[in-house]
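Heads up: the structure comes next, in structure tokens.
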Amino acid sequence: YVTFVDSDDAVASNYVERLIGVALSSDVTISICDLVHCQQLDDVQYTLSEENIIYSPREAIEELLYQRSFLVAACGKMFHISCFEQIRFPVGMLFEDSAIMYELFEAADKIGYQPSGLYAYVHRCDSITTRPFSRKDLDIWTICCQIEEHYESCGVPDLIDAAKAYKMSAALRLYLNAGNDFDLSEIEAWIKQNALSVFQNKKARRKNRIASMLYLTCPSALRRVYPYVNRWK
């Protein structure tokens, strides 16, 4: 088994024990716990749950792309090494977790989720997700296009809808953070084309549905509200 821990994050003392326990007791290929979001490690309060939820790969991919029970990040997950026989993180790309996580889930037999907060995810002011916008941040758009094209080629309507919801989340974040120095015409055209369908998708995150409609009806209100939205909830 393999798990990934960022150098400035931390895990509970029983993190490995719990995730291995889920993997072995439920015979799953990937086991997942909750993240504890914090500004510094002194603030961390880990939590425990005895609940185990077992997903098929397709169910788990929906959870992943709708950003419900767990996020696309590699952290807080433990993988059987067989998942990486044919799959590797892309070199030199930001958001490399997003680029392969759906593929890792597809390679799994089953995915187990335990809602115990065992991984402390530290939000630093200069991290990839919080530092000033750069051209490399557009990597997430390339990744989202690949995910959408993958599920459109598979012809699975539920996963196409989930991929569009995830792509909308990224597209709106790029639109709101990029500033005037970047050409976002392709991204804005895609938002306009798909905002209504994402708004009508009741599986999508509520805040993303609202943001999609605000983009269509009142972009200035969307920009005013955005700084107050917690993207991690």
In the range 55-73, residues that are farther than 17 Å from Cys144 by Cβ, part of a loop (DSSP other than H, G, I, E, B) and either β-branched (Val, Ile, Thr) or out of contact with any strand residue (DSSP E or B) (no Cβ under 7 Å at 6 or more places or on another chain) (or both) total 2
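Every residue, every condition in (1) among the polar types (S, T, N, Q); (2) touching a Phe, Trp or Tyr at 6+ places or on another chain (Cβ under 9 Å); (3) in contact (Cβ under 8 Å) with a residue 24 or more places away in the chain; (4) farther than 23 Å from Lys203 by Cα, yes or no:
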| site | (1), (2), (3), (4) |
| --- | --- |
| Asn52 | yes, yes, yes, no |
| Ile61 | no, yes, yes, no |
| Ser69 | yes, yes, yes, no |
| Gly76 | no, yes, yes, yes |
| Ser82 | yes, no, yes, yes |
| Gly92 | no, no, no, yes |
| Phe105 | no, yes, yes, no |
Per the filter on the range 2-26, residues touching a residue at least 12 places away in the same chain (Cβ under 8 Å), out of contact with any Lys or Arg (no Cβ under 7 Å at 6 or more places or on another chain) and either open to solvent by 40 Å² or more (accessible area, probe 1.4 Å) or over 19 Å from Ile111 (Cα atoms) (or both) are Phe4, Val5, Asp6, Asp9, Ala10, Val11, Ala12, Asn14, Val16, Arg18, Ile20, Ser25
Whether any residue in the range 180-197 is touching a Lys or Arg at 6+ places or on another chain (Cβ under 7 Å) and either under 24 Å from Pro57 (Cα atoms) or of a type in the set (A, V, I, L, M) (or both) is what I want to check. no
Note to self: Tell me yes or no: at least one residue of the range 158-175 is open to solvent by 30 Å² or more (accessible area, probe 1.4 Å) and in a loop (DSSP other than H, G, I, E, B).
What the structure shows: no
Screening Gln67, Gln86 for residues that are surrounded by 17 or more Cβ atoms within 10 Å (Cβ to Cβ) and farther than 16 Å from Phe4 by Cβ leaves only Gln67
Being without any contact (Cβ under 8 Å) to a residue 60 or more places away in the chain and over 16 Å from the mean Cα position of the chain (by Cα), is that true of even one residue in the range 110-125?
yes
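The values are calculated or read from the model by the stated rules, or taken from the named source; none is laboratory data. All of these numbers come straight from a predicted model, not from anything done at the bench. Methodologically, a virtual Cβ is constructed for each residue, glycine included, from the backbone with ideal geometry; neighbour enumeration extends over all protein chains shown. The protein model used for the area step is the full one, side chains on, heavy atoms only, and it has no ligands, DNA or RNA in it. Shrake-Rupley method; radii C 1.70, N 1.55, O 1.52, S 1.80 Å.
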